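Asker: Submitted below is the structure of interest, expressed as structure tokens.
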Amino acid sequence: MASMKLGTKPEAFHREGQTWQCTSGLPSDVTIEIGEMSFNLHKFPLLSRSGLLAKQIGEQASDDGTVQVLQLCDLPGGAKTFELIAKFCYGVKIELTAMNIVTVRCAAEFLQMNDDIVEGNLVSHAEAFLNEIFGNWSDTIKALETCEEVLSQAEELRIVSRCVNSLAMKACADPQLFNRHVSPRNDNKEKESRILWNGISTSAKAQSLGDRWWYEDVSYLGLSFYKMFIQAVETVGMKPENIAGSLVVYARKYIPLMNRQFSFKDANSAKPGNNVSTPSEADQRALLEELVELLPCQKGVMQTKFLVRLLRVAMLLQASLSCRENLEKRVGVQLDQASLDDLLIPNLGYSVETLYDIDCFQRILDYFLSTEQISSAPYSPNVVDENQLVESSDSLTAITVVANLVDGYLADVAPDVNFKLSKFQSLGSAVPDYARPLSDGIYRAVDIYLKAHPWLTDLEREQICRLMNCQKLSLEASTHAAQNERLPLRVIVQVLFFEQLRLRTSISGLFFISENLENSQNLRQVGCAQSDGMDEVKARVLELEKDCQGMKQELRRVVKRKRRWSLFGILK
């Protein structure tokens with residue numbers, strides 16, 4: 001830690017209870033009272049250094065020889081700081097450090113100890129040492145933290161802003177270019193990680209964290225100073241990714257809920273604040289709302305997983321509506337980077353209808369779709385710019401990923417008996433059809449929903465089945481759907497029709513290949529290997545024909561069963 005030594009005389013003060021006495025041998029003629037502490041001093045050393053004390057002593061001067069009593073209750077730093085100032089006035093040795101320089105500088109300004117009184121006064125010494133402090137990272141951190149004690153005076157003297165700007169410039173620069181020491185708060189951890197081999201330390205260097213080296217140090221700053229620092233580094237040109245990383249460290253440090261595993265118990269119980277060391281809900285809520293405002297606006301600089309966790313905590317702490325909307329929009333913008341488990345947010349509302357907060361997911365999905373610039377068709381022949389083609393491809397990939405997320409979300413939420421049909425349809429239809437190369441995912445969600453809601457009418461069943469495209473079902477899904485008694489008869493017929501159409505197309509293609517092979521002039525020159533290949537093609541055609549006949553028979557059986565069910569329902 002940097003320091004500045006002033007004065008040459010030996011110690012000339014001693015304390016007796018709540019009183020400081022000067023041991024110069026001369027009787028005291030002025031008493032300075034600061035709170036409960038009294039300083040029995042002499043006028044001349046004070047008059048020669050402080051314009052304020054000179055003025056007050058002159059106003060109360062008397063000829064009767066009584067000791068004057070002055071009150072300095074508003075002195076920045078209080079009695080502890082005045083002890084240093086009194087010693088400076090007497091020329092006694094004192095030491096300025098990063099831990100006391102701010103209060104000394106503010107007190108010197110308050111007492112008018114500038115060079116107008118005498119050259120080389122305390123203000124000029126304090127300013128010179130402050131400039132030295134600003135060249136050292138850890139000392140600047142310590143000085144900024146002490147500004148809390150004398151905040152109004154430190155702001156008026158621009159000490160706070162100078163500290164913040166100094167830290168911001170260093171955080172954006174190479175740490176090797178300035179004198180940066182490891183914070184004492186990290187010394188114990190560093191000692192624990194230190195391994196000696198033949199007397200040589202093998203511990204990782206403190207500066208091996210790359211751009212993240214300053215995260216831990218600034219996390220000890222109070223919220224107001226931390227906000228100023230983040231705004232300063234953003235102005236200087238800090239990468240948004242680094243700002244986001246620092247915010248993550250700060251949030252996890254001071255919002256305990258950010259580090260908890262969420263469960264459905266959190267909706268009604270397990271409220272924070274039971275532990276004495278845990279910040280109150282109000283403090284955590286205020287901190288979270290402030291940090292959300294500091295989040296970088298750029299897409300992708302902060303992990304979607306962390307944004308969703310912030311959203312969950314905001315819900316649990318009942319943060320402001322604007323805060324929750326801000327987080328929902330940020331998650332929505334990069335929804336394609338989210339995982340399904342993160343999006344299954346428990347419903348924390350007072351009137352809980354569904355197990356998961358489906359309305360929240362709907363809003364997040366709407367924000368994502370509103371930011372997509374994809375047309376209703378996945379490819380437009382008018383697009384000729386290569387960059388536009390790449391952007392269109394990226395957007396199509398993103399919306400396809402989101403479509404899979406929606407289908408997975410619907411499948412997980414579908415078993416909830418309170419999940420209304422209208423909301424299911426709204427979520428399922430929000431994603432355009434071209435975003436689903438296959439309809440297997442939405443078919444699975446529809447099937448689970450129909451199983452969990454057996455009371456749906458035939459009309460409602462047909463409505464929900466319109467969400468899937470029967471032409472995009474895989475062979476496995478088509479086979480399952482053709483035998484699924486929960487599906488309406490019309491849907492089963494469509495599935496069988498498109499599967500038969502697909503089968504016919506395949507057979508026609510095989511026959512076309514077969515005819516070309518038979519009419520080829522080079523067929524005679526082909527060896528036994530090609531003859532065997534031709535036999536395999538013919539065998540495949542025969543298998544497909546058998547499959548086609550089997551599907552026709554299955555269709556007849558399904559139709560007969562449906563008719564029997566209808567008749568049974570009428571008789572009943």
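The values are calculated or read from the model by the stated rules, or taken from the named source; none is laboratory data. In this text the structure is predicted, and so the values were computed from the model without any measurement. FYI the Cβ positions are ideal-geometry reconstructions off the backbone, even for glycines, and counts take in every protein chain you see. Side chains included, ligands, DNA and RNA excluded: accessible areas come from the protein's heavy atoms. Shrake-Rupley method; radii C 1.70, N 1.55, O 1.52, S 1.80 Å.
Asker: Can you give the accessible area of Arg212, probe radius 1.4 Å, in Å² rounded to 10?
Answerer: 130
Asker: Can you send over the carbon and sulfur percentage of the accessible area for the stretch 402-453, probe radius 1.4 Å, protein chains only?
Answerer: 54
Asker: For the stretch 74-95 and the stretch 15-61, what is the separation of their Cα centres, given in Å?
Answerer: With the stretch 74-95 and the stretch 15-61 each reduced to a Cα centre, they are spaced 11 Å.
Asker: Of Lys170/Lys329; Lys329/Lys472; Lys5/Lys43; Lys5/Lys80, which sit over 29 Å apart, Cα to Cα?
Answerer: Lys170/Lys329; Lys329/Lys472
Asker: Here is a follow-up. Quick one: with all protein chains in place, what share of the accessible area of the stretch 101-171 is carbon or sulfur, to the nearest percent (1.4 Å probe)?
Answerer: Solvent-exposed carbon and sulfur of the stretch 101-171 make up 46 percent of the total.
Asker: I've got another one for you. Quick check for you: with a 1.4 Å probe and neighbouring chains kept, what is the accessible area per residue of the stretch 64-177, in Å²?
Answerer: I get 41 Å² per residue for this part.
Asker: Cβ neighbours within 10 Å, averaged per peptide: list 78-87, 294-303, 321-330 in order, most packed at the top.
Answerer: 78-87, 321-330, 294-303
Asker: For the stretch 406-464, report the accessible area per residue in Å² (1.4 Å probe, heavy atoms, rounded to an integer).
Answerer: I get 41 Å² per residue for the stretch 406-464.
Asker: At a 1.4 Å probe radius, carbon and sulfur cover how many percent of the accessible area of the stretch 3-81?
Answerer: Whole-percent figure for carbon plus sulfur exposure: 53.
Asker: Using a 10 Å cut-off on Cβ atoms, rank the peptides 104-115, 220-231 from the highest mean neighbour count down.
Answerer: Ranked by mean Cβ neighbours within 10 Å, highest first: 104-115, 220-231.
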